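FYI, it's all coordinate maths here, none of it is from the lab. It should be emphasised that the depicted structure is a prediction, and the values quoted were computed from it without experimental measurement. Virtual Cβ from ideal backbone geometry, glycine too; neighbours counted across all protein chains shown.
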Amino acid sequence: MKFAVLALLANFLVVVIVLSENLSEEKISERIAKLETLGEILTQNQKSLNNQIGVIESSLSLITDNTRKVLDNQLEKIPAISSCKEPLKSGVFRLRNPKLKVYCEMDSFDGDWLVIQQRVDYTLSFYRSWAEYRDGFGTVGKESEFWLGLEAVHQITKDGSCELAVDLKDQSGHYEYARYSHFGLAGEDHLYRLTVGGYSGTAFHNFVKLNNYSFMTYDFGSVIIDQNICDLHLSSGWWYCNCNCNLNCPSTYRNDECTKFSYSRMMIRCK
């Protein structure tokens, strides 16, 4: 294809030259030869560029592999658990299946909770792609911001009866909570459809409205919502049915009023 384009370009230039100048056949042949030489140089430069791209891709792959090995080594040093029922106190642990770092909350609501979402100062951007929400992002810890990952939560909840707890604080320090007696996520083939119900607590229970809705991000999703109302909320991934109760956005609409939370945490506990 590239050679065909060069050939057409050369022919076009020849026609222009012939029409604009009264050149001898010798001059025309000379200019054609120069154009052919230029085409060969361009082809060689393209090959060189392709080789350089290959080297860069190989280097990036090596860096990725080395980074993964370092992270795996660090993960191996963290105490391993099968679930958050095992630790005696809150902290960071290494879950055996699926293999990942988690934070277990052992003090709230009788303990044994695994934190799947946490925002403490809203400094971490939650404007993320589908892949990032699927795989997780942020730093797992007691006072850090993170999203554990949809696939991990699906794997943890798919085989058992699980519940959800949500902690919230507004800028004035007012605390609210919500608990749901059953919680689960379908797999990626079902867009991590949410199952949630059995509300109790003091927080406005918008999560019940999200039951049976699929997850959505700015680059992927199947739910059609009002763009004019939800532009702010589309800056983060969530189970969208309307603009209410999106804990991944800087602001959360509640009862048609915008309340800025200073803290949010989602935790699951499975039997």
31 Å Cα-Cα threshold exceeded, pairs from Lys85/Lys260; Lys158/Lys260; Lys77/Lys158; Lys77/Lys169; Lys99/Lys260; Lys89/Lys169: Lys85/Lys260; Lys158/Lys260; Lys77/Lys169; Lys99/Lys260
Computed label-point distance, nm, for sites Thr139 and Ser82 using a 7 Å Cα→Cβ extension: 3.2
Sorted by Cβ density within 10 Å, fewest first, the residues Tyr199, Tyr133: Tyr199, Tyr133
For segment 122-129, Karplus couplings with θ = phi - 60° (6.51, -1.76, 1.60), whole Hz, Gly/Pro x: 6, 8, 8, 6, 9, 7, 10, 7
Potential extension, Leu49-Phe109 segment - 0.36 nm per residue separation minus Cα distance: 15.6 nm
Sorted by Cβ neighbour density within 10 Å, fewest at the top, the residues Asp121, Asp189: Asp189, Asp121
Vicinal HN-Hα couplings computed from phi for segment 109-115 (Karplus, 6.51 cos²θ - 1.76 cosθ + 1.60; Hz; Gly/Pro x): 6, 6, x, 6, 9, 10, 7
GluC sites (Glu not before Pro) restricted to DSSP loop in segment 132-191 with at most 16 other C-beta within 10 Å: Glu143
Two-site label geometry, Ile28 and Arg96: point separation in nm, points 7 Å out along Cα→Cβ: 8.3
